[in-house]
Structures are given as structure tokens and as C-alpha cells.
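Encoded as C-alpha cells, the structure appears first; notes follow it.
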Amino acid sequence: MHLKNGARVRITTHELPGTAEEFSTNFKKLPKTVKKGMEVRLDDGSIVLSVLRTGTDWVDCEVLIGGNLKEHKGINLPGAHIDLPALTPKDLKDLAMGLKLGIDHVALSFVRSPDDIHKARAIIKRYGAPTRVIAKIEHPDGIERIDSILAPPTAS
């Protein structure tokens, strides 16, 4: 679908076929995470929306920078505190499988604190694997804590 500059769009937490006027997200906490005036960036920031108002299960926005939005594209919320774990249940399952298969490296997305890295390293240690962690710094919290995130692991 094509989102036009200046258009109004609604993002809902209810699954539905998307249109240029309304589409859904599986991030159920979106309406509680954003506030009026915040930016919502879609598809690696190629589409930019501005929050106009929120409801219990929806967010109304104005399209600042439009473009073609395809299915399963990511949402980035600059300046928002995201209440999500660094490792989702799916990530944990995938990491376990990768460790069983002998992966050399694992990239951890949206690292926000050293704890995110410590959790991954603890799992790797349980498997006795030499796997190394690559921290993908994609959030302002990660940038603010970059020194502690990059600090070498302590012996335990």
C-alpha cells in the first residue's frame, strides 16, 4: 500500500488486512508506548509518521514521509522506552538451535543495556559453546550505554 505525505493513518493492534488508511501491528503495547508528537518510523525509517492521538488499541498518525509499505516491516520508535525483552521466546529457541548446530557468532538486535548481552552470554555458557555475541546498537539507550555494553565479560 502507498502512504501519501499528509495523509492520516491508524495503526491498530487488532489483526486486519491493511489499507492506506488503517493497518495493524503485533506490538500490542504501541498505544501505551507512544505519545502525541512522537515519530513512528516504518520499514527501516523510510516512512515517517507523527502521532496525533492514541486510544486503547490504536494510534492515529499523520504521514510525514510517505512511501510504499509492504507486509511484515519493522516499527522504530525514536525516544520511546520499549518494554520488550532483548531475547524473545522465539529468539531463545533460535539461539538454542544455533548453539546445538555450533554457530560461531550470534547478533543480538536492539541492545539497550549490558544486561541484554549478559543474558545471551549466560545461555551460551550453559551450552559450553565458544560462540561470540555481536551487539547491534539500534536504540538511543544502547548508544548512551555503549561503553558498558562493549566492556569485555568479567570472569565468573
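The values are calculated or read from the model by the stated rules, or taken from the named source; none is laboratory data. Model, not experiment: these values are computed from the prediction. Note: ideal-geometry Cβ built from the backbone for every residue, glycine included; neighbour counts use all protein chains shown. Heavy atoms of the whole protein, side chains included, go into the accessibility calculation; ligands, DNA and RNA do not. Shrake-Rupley method; radii C 1.70, N 1.55, O 1.52, S 1.80 Å.
Tallying residues that are open to solvent by 50 Å² or more (accessible area, probe 1.4 Å), among the hydrophobic types (A, V, I, L, M, F, W, C) and assigned to a loop (DSSP other than H, G, I, E, B) within the range 75-88 yields 1. Scanning the range 22-53 for residues that are outside any loop (DSSP other than H, G, I, E, B), under 24 Å from residue 2 (Cβ atoms) and open to solvent by 50 Å² or more (accessible area, probe 1.4 Å) yields a total of 5.
Filtered by the rule that a residue be assigned to a helix (DSSP H, G or I) and over 23 Å from residue 96 (Cα atoms), the range 109-149 gives 140, 141, 142, 143, 144, 146, 147, 148. Look at the range 5-17: where a residue is under 18 Å from residue 27 (Cβ atoms) and a partner is in a loop (DSSP other than H, G, I, E, B) and polar (S, T, N, Q), sitting 6+ places away or on another chain with Cβ atoms under 7 Å, you get 11/25; 13/25. Considering only residues that are among the hydrophobic types (A, V, I, L, M, F, W, C) and closer than 12 Å to residue 3 by Cβ, look in the range 54-74 and name the one that is surrounded by the most Cβ atoms within 10 Å (Cβ to Cβ). For the range 54-74, the residue satisfying everything is 61.
Which one is least open to solvent (accessible area, probe 1.4 Å) among residues in the range 107-148 that are over 20 Å from the mean Cα position of the chain (by Cα) and within 21 Å of residue 81 (Cα to Cα)? Steps first, answer last, please.
Narrowing the range 107-148 to residues over 20 Å from the mean Cα position of the chain (by Cα): 121-132, 147-148.
Now restrict to residues that are within 21 Å of residue 81 (Cα to Cα): 147-148.
Numbers: 147: 127, 148: 57 Å².
Among those that are over 20 Å from the mean Cα position of the chain (by Cα) and within 21 Å of residue 81 (Cα to Cα), it is 148.
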